[in-house]
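First comes the structure, then the notes that go with it.
We did not get these values from a lab; they are worked out from the coordinates using the rules stated. Small disclaimer: the values here were computed from a predicted structure and weren't measured.
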Amino acid sequence: MKSNVGGIDRILRIVLGLVLIGLTLSGTIGVWGWIGLVPLATAAMGFCPLYTVLGFSSCPVKKA
């Protein structure tokens with residue numbers, strides 16, 4: 001797996017995941033908030049399968 005999630009994208013995914021899980025634990029939203037585990041996992045791995053399918057990457061281009 002080649003990394004395709006850049007720094008700012010990673011931070012946004014972590015924040016989104018934690019907010020969704022926090023809202024679920026506080027009872028504000030239902031069990032759908034556990035979907036927040038997905039952005040947390042992709043941020044931790046630095047790899048997003050959907051980005052691969054779409055041919056997208058938020059990693060900076062490495063110059064030779």
Over segment 7-54: Rg over Rh, Cα atoms, Kirkwood Rh: 1.04
Cα long-axis angle, helix 7-25 against the chain (0 to 90 degrees, to the nearest 10): 10
